[in-house]
1. Binning at 10 angstrom from zero up to the longest distance, how are the C-alpha pair distances of segment A:55-196 distributed in percent?
2. Let me have the relative contact order for chain A, percent, based on Cα pairs under 8 Å that are six or more residues apart.
3. Counting only Cα, what are the radius of gyration and maximum Cα-Cα distance Dmax of chain B, in Å?
4. Along segment B:315-320, what does the Karplus equation 6.51 cos²θ - 1.76 cosθ + 1.60 (θ = phi - 60°) give for ³J(HN,Hα), rounded to whole Hz, x for Gly and Pro?
5. Holding the Cα-Cα limit at 21 Å, pick out from B:K5/B:K47; B:K250/B:K427; B:K302/B:K343; B:K283/B:K342; B:K7/B:K429 the pairs that are longer than that.
6. Rank the residues B:F324, B:F288 as a footprinting-exposure proxy: fewest other Cβ atoms within 10 Å of their Cβ go first.
7. Which whole number gives the average, over all residues in A:66-75, of C-beta atoms from other chains lying within 10 Å of the residue C-beta?
8. Convert each backbone phi in segment A:171-181 into a coupling constant with the Karplus relation 6.51 cos²θ - 1.76 cosθ + 1.60 (shift: θ = phi - 60°), then list the ³J(HN,Hα) values in order as whole Hz, x for Gly and Pro.
Amino acid sequence: MTSMAANAMSAKAKAMLSKKLTASDYQILLQKKSVSEVASFLKNNTYFKDVLEGINEGSIHRGQLETLVRMDLYNRISRLVRYSDKKEEEFYRLIVSQSEISIIVDCIRSFHTNDKTIMISKMPTYIQGKISFNLKDLSKADNFDELLGVLKNTKYYDIIKKYRTVNMDEFDYVGLEHDLNNFHFERVFEVVNRNYSGTARKQILEVYLAEIELDNIAKIYRLKKYFNVGPNQIKSLIIPKYLYFSPREIEDIILNKKADDIFNVLANSPYKNYLSNKNFMYIEYHTKSIFYNYNKRNISFSNNTDLVLLSYVFISKIEIQNIVDIIEGIRYRVAPDKISRLLIY
Amino acid sequence: MAIEKMKFVQVSCDKEHLNDALMTMYNSKLLHVEQAYNIIDEDNGGKLIQIDNVYSEYCNTFKNICHCIGLDFDVQTANKKTYTNEEIENFINELNTKFALADSKDSVTLNEDDEIALEKLSECDFVKIHQCQYISIGFGRIPLESYKKIDMHKNKFIYVNLHNASHYHWIAYATSNTYVKETLKTLESLFFEPIDIPEINVKKVIEEYRQQIIDVYAYCELQNTICKLYDYVAQFDDKYVISGFVPLSKVNDYKNEFKDLPVTIDVQEAEKAGKCSIPTLLKNNAFFKPFELFVDMYSTPKYGDIDPTVFVAITYCLLFGIMFGDLGQGLLLFLGGEILYKKTKNKLAGVVARVGITSMIFGFLFGSVFGLEELLNPIHQSLFGVREKLFNTMDGNSTMTLLIGAVLIGAVLILVTMILNIYKNIKHKEWGEVLFSQNGIAGFIFYGFILVGIGMMFMMNTNVFVPVTIGIFIILPIICFFFKEPLSHLIEGKNVKPESGWGNFVLETFFEVFEIALSFVTNTMSYLRVGGFVLSHAGMMLVVMTLVEMTGNAGPLVFIIGNIFVMCLEGLIVGIQALRLEYYEMFSRYYDGNGKKYEVLTSIE
C-alpha cells in the first residue's frame with residue numbers, strides 16, 4: 001500500500017470512529033420504548049442514517065434493523081479496503097471468515113431442528129462476494145453429505161468431514177466450534193506472518209492474541225463456574241495462544257484457581273490498564289471492555305494503518321452488539337438500567 | 001419622486017350584507033385594510049366582533065381526509081352551494097366511516113411506495129381478493145436482503161414482486177389456506193412487514209365522492225375566510241364598518257366594486273384616520289420602479305416624506321456604470337436583466353437591466369468592449385478628435401484624474417444629499433435640523449467652503465482660507481454643530497439648558513463634533529472606491545486578455561469564460577459597493593424611512 005493510501009485509510013478510520021455513538025446517545029436509546037423509536041433515533045441522529053435512509057421506521061422489524069446495522073459495518077470496511085493493495089485485501093477477508101464459521105454452524109444446527117428459518121434469516125447475503133462458498137446452495141443443504149458438497153472446494157471441508165454423522169442428538173457443537181475457531185486463528189496467523197514483518201506483524205498479531213487470550217479466560221471462568229468441567233477438558237477447549245499470560249500461568253488458573261478468583265487474576269495482570277471501572281458484573285463484560293479499551297488505545301496512538309483498521313472493526317463490532325442488546329432489551333421489556341450494564345463504550 | 005396620495009375609506013353595512021361586503025373588499029385587492037382595534041376606541045363606542053370559527057377546523061379535517069385518501073383537487077371546480085354545520089359534520093362522519101379513517105390511530109400510514117404497490121395490486125380487484133375462500137392472499141413490504149432469501153426456503157406459497165425501492169420490495173403472495181401459518185412464519189423470519197389489503201377500491205369510492213368533497217370544502221373555506229375577515233370589522237350598534245386606505249386614483253374603482261350592495265361608503269382625507277398610520281405606496285415610472293426594491297429593503301418612506309427612489313436610481317446607475325464600464329458586458333447585463341425582468345417581474349433583474357445601460361455608456365467613454373481596450377479607438381478618434389481614446393483607464397497618468405474625479409463625484413453627492421435633507425426638514429418644519437445640523441445649512445456651508453477652497457487652491461492657485469472666511473465658513477458652522485441641541489430648543493421655545501447639564505453636554509458634544517468633522521473626511525474618501533473599481537475592472541480584463549494571448553487556440557474559450565467570470569464576480573462586488581454607498585454615505589444623511597408599506601390582503605392566514 002502506498003504511504004498516501006495508507007495514511008488516507010488510517011485518517012478515514014479515525015474519522016469514522018469519531019462518529020461512534022456517545023454515552024448520551026446510549027442514554028437516549030435506553031429511554032426508547034420500541035424498536036421503531038430506536039430506528040428513528042439511529043436514522044435521524046447518528047451515522048447510521050445512510051444505511052437506514054429509506055426504511056419505514058414506523059414498522060421496521062427488529063431483525064431488519066439489526067441486519068442493516070451489521071451491514072453498515074461491512075459497507076464501512078469495504079469503503080476502507082478500497083484504499084488497500086491486494087495482499088491487504090486477503091487479510092481483510094479474514095475479517096469476514098468468522099461469519100463463515102457462524103453460517104456453517106447455523107446450517108448444521110438446522111439439521112438438528114429440521115428448521116431453516118433462523119439460519120436463513122441470520123444469513124448475511126451482503127457478504128456473498130467475500131466468502132468462500134455459495135450461500136444459496138448452503139441454504140438447500142439438508143444433511144452432512146449435501147453440506148460437504150457445498151464446502152467441497154473450501155478449507156472447511158476437512159474439518160466438517162470429521163464431524164459427519166447422521167445422529168444429530170449427540171452432536172459435539174462445542175468441539176466443532178473449537179476446531180473451526182482454531183482453524184480461523186491459524187489462518188489469521190499464517191496470513192499475517194506471510195504479509196507483514198517487523199513491528200507491523202507484531203502489533204497485528206498482538207490484537208488477535210489479546211482476543212484469543214481474553215476469550216480463553218472468559219471460557220475458563222464459565223466452564224468452571226457453571227459447568228464444573230475438569231481441567232483436562234478445559235485445556236482441550238481453549239486455543240493455546242498467549243499474550244500477557246504464559247502457558248504456565250494459564251495452566252495454574254485452570255488447575256488451581258476458583259472461578260471467582262479469575263477476576264482478581266485479570267485485575268493484577270497487564271490487562272489492568274484496560275479494565276473498566278464498573279463493578280464486577282459478569283466475566284464477558286470485563287474481557288470485552290478490556291478488549292474494547294485495548295483497541296481504542298491502538299486507534300489513538302498507532303500509526304500502523306492496518307492495526308488501526310483492525311481495531312476499528314473490533315470496536316465497531318462491540319458498538320453493534322450494544323445496539324443489538326438495546327433492541328433485544330426493549331423487545332423483552334428489560335429495565336433500562338439492566339440493559340445499560342451490558343453496554344460497552 | 002412621488003408617494004401616492006391616499007384616502008381613508010370606510011364601508012358601512014348591516015349584518016345581512018356584511019359577508020358579501022367583506023368578500024367584495026377582499027376580492028377587490030384595493031384596500032389596505034386596518035384591524036378593527038385601530039378603529040374603535042372608548043369614545044366612538046365601537047366593538048370588535050367575537051365569533052367562534054368552526055370552519056377553520058372543518059377545513060383542516062377535510063385537508064386531513066383528502067391527504068389520507070390521496071385526493072388532490074382544484075377548489076375552482078366547486079359548485080356554489082350552502083351547507084348547515086350539521087350537514088357538514090354528518091358528511092365528515094360519513095367520509096370517516098367510508099374510508100375507515102375514524103379508527104386510523106392504529107393503522108399504518110401508507111407511504112408513496114406503498115401506494116404505488118397497492119395501485120398495482122388493485123388490478124386484481126380488492127373486493128375479489130377478499131372474496132377468495134380457499135386461497136389466502138397477502139401483501140406487504142420485505143427488505144431487499146430478505147427478498148433475495150425468499151427462494152432459499154422450500155416455499156409453500158407463490159409471490160409476485162409489485163414494486164421496489166432502495167430498501168424494500170413490495171410483494172403479494174398467495175397460498176392455500178392450509179399453508180397460511182407456515183407461509184407467515186417464513187415471511188416473518190424474513191422481516192416481512194404486512195400491509196392490509198383494503199376491502200374496497202378506494203380510488204373508485206373517491207371518485208364517487210370527489211365533487212361533493214370539493215363543494216363542501218369550498219363552502220367551508222369561504223366561510224373560514226369570512227370569519228377571519230371579521231378581525232377587520234368594527235361594529236357600531238347595528239352598523240358594521242370595514243376601514244382602510246385606498247390610493248386616490250383607485251377610490252372610484254373601489255367604490256364601483258360595491259355598486260350592487262346596499263352599503264355606505266365614506267371617503268376622508270388619509271390624515272383623518274385617527275390612530276391608524278397611513279401606508280405608503282411608491283409611484284414611479286417604469287424606468288425607476290425597480291429601484292423601489294432598494295428603498296424598501298432599507299425602509300419604506302413615511303407617508304408625506306420624500307420618496308428617494310429616483311435619486312437612488314440615478315446615483316446607483318451612475319456609480320455602477322463608472323465602476324463597471326464596459327460596452328459589451330453592459331449590453332449583456334442590459335439584455336439579460338431586461339429579459340428576466342419581462343419574464344419574472346423580478347425587480348433586481350430590472351435594476352441589472354438599467355445599470356447595464358450606464359455600464360454601456362461609460363464603457364463607450366472608456367473605450368472598453370469585453371476587455372478589448374482598442375476596439376473603439378477609431379470611433380473615439382473621429383468623434384472626439386483624440387489621438388488614441390477619450391480616457392485610457394490603464395494609463396498611469398489617468399490614475400490620479402480618476403481618483404480625484406471619484407472623490408469629486410462623492411463630494412457633489414454628499415452636497416446634494418445635504419440639500420435633500422434640508423428640503424425634507426423644511427417640509428417637516430424641523431428648523432434646528434435645517435440650520436444647525438451637519439447635514440443642514442451649517443454643514444453645507446462648512447463642507448462646501450472647504451471643497452471650494454481646496455479646488456481654488458489647486459486650480460487657480462488662490463488661497464481663500466483667510467481668518468475672516470475661516471471664521472465665517474468654518475468656525476461658525478462648527479459652533480452651530482456644537483450648540484445644535486440648545487439652539488434648536490431655543491427656536492422651538494423649549495428650555496435651552498441640556499437635560500444632562502452643561503458639563504456633560506460639552507464633553508459629549510466635543511467628541512460628537514470631532515466625529516462629525518472626521519465623518520466628512522471618511523465619507524468623501526469612501527468614494528475613492530469608485531475610482532478603485534474602475535482600475536480593478538480594467539486590471540481584471542487585462543489579466544483575461546493576457547491569458548487569451550497565452551492560451552493560443554483555446555483563446556476564444558478563455559475569452560468567453562474570462563468575461564463571464566469578471567462579469568459575475570465584478571458585477572456582484574460593484575453592485576454591493578454601489579448599494580453600500582447609497583445606504584451608508586447617502587441615506588444616512590437625508591433619509592429615515594420608518595414608513596408602513598401599502599399592502600392589500602392577498603391571503604388570509
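1. Calculated P(r), rounded to whole percents: 10, 36, 34, 17, 3.
2. Numbers: 301 pairs, mean separation 71.4, N = 345.
Answer for chain A is 21 percent.
3. Here Rg and the maximum Cα pair distance are 36.9, 119 Å.
4. My calculation for segment B:315-320 gives 5, 5, 4, 4, 5, 4 Hz in order.
5. Among B:K5/B:K47; B:K250/B:K427; B:K302/B:K343; B:K283/B:K342; B:K7/B:K429, the Cα-Cα distance tops 21 Å for B:K5/B:K47; B:K250/B:K427; B:K302/B:K343; B:K7/B:K429.
6. Starting with the residue having the fewest Cβ neighbours, the order is B:F288, B:F324.
7. 1
8. For segment A:171-181, the Karplus-derived couplings read 5, 8, 5, 4, x, 4, 4, 4, 5, 5, 5 Hz, x marking Gly and Pro.
Values quoted throughout were computed directly from the atomic coordinates according to the rules given, and no laboratory measurement underlies them. Because the structure is predicted, anything quoted here is derived from the model rather than measured. Backbone-built Cβ (ideal geometry, glycine too); neighbour counts: all protein chains shown.
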